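Working notes, beginning with the structure itself.
The values are calculated or read from the model by the stated rules, or taken from the named source; none is laboratory data. This is a predicted model, so every value here is computed, not measured. Ideal geometry is used to build each Cβ from the backbone, glycine not excepted, and the neighbour counts take in all protein chains shown. Quick note on the areas: whole protein, heavy atoms, side chains included, nothing else; ligands and nucleic acids left out. Shrake-Rupley method; radii C 1.70, N 1.55, O 1.52, S 1.80 Å.
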Amino acid sequence: MLALHAEGSALTGWGMNDFGQLGAGPTSSLFYNMPILIEGLGAVRCVAAGRRHTAVVTASGHLYTFGSNGVGQCGVPLTSDVVRTPFLHQSLSGGTTAAARVACGHFHTLLLSSASDSVLATGLNKHGQLGIGGTKTDYVYSPVKLGAPLNSAKIRAVAAGYSHSLFLDS
């Protein structure tokens with residue numbers, strides 16, 4: 001469970017942490033029965049939770065992910081299948097692709113850029129849920145920008161389900 005405090009001032013979490021989905025660090029407990037502060041994020045704009053991973057967009061447009069990364073759902077190149085502390089995606093920090101919104105499916109993550117001009121996806125693509133065309137690429141370990149028809153639309157929102165993704169345009 002995650003709770004975003006008023007005006008994004010803090011993010012707390014509790015419950016299962018077996019894959020680091022609470023971002024509590026390498027020596028953390030398997031579960032927490034009381035809220036803990038998820039540190040190092042600053043002001044938070046939005047948060048999303050998948051089966052065993054979490055994605056956070058800060059007020060400054062930075063993307064952080066943590067938790068299970070076994071199929072790339074955290075968008076971290078596979079050096080470990082678990083990301084126990086918030087991982088800052090440098091390629092999205094301070095660049096032209098600042099984050100605005102994020103959505104997590106069961107094993108995938110979607111990111112909407114702040115300019116609403118691009119959507120990025122990472123994770124499991126077994127059922128085509130990443131929208132990258134086909135299902136031949138089962139796992140995507142770094143966020144990839146989606147192409148047509150999304151690149152010609154002004155996307156306003158992203159949502160993710162178990163094995164599907166939705167995009168709302170203007």
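Brief remarks on what is shown
- Taken over the C-alpha atoms, segment 17-170 has Rg and Dmax values of 14.6, 46 angstrom.
- Dipole orientation for the chain: of the candidates Y141, L30, G15, Y141 has the Cα lying most toward the positive pole (charges on Cβ; Lys, Arg +1; Asp, Glu -1).
- Counted over segment 1-106 with a bin width of 10 Å, the fraction of Cα pairs per bin, in whole percents, is 17, 52, 29, 2.
- Most to least accessible of T12, T79 (protein chains only, probe 1.4 Å): T79, T12
- Ranked packing of 61-68, 161-168, most packed first, by mean Cβ within 10 Å: 61-68, 161-168
- Ligands, DNA and RNA are left out, and with a 1.4 angstrom probe the accessible area of segment 11-121 is 40 Å² per residue.
- Two-site label geometry, A157 and M1: point separation in nm, points 7 Å out along Cα→Cβ: 2.4
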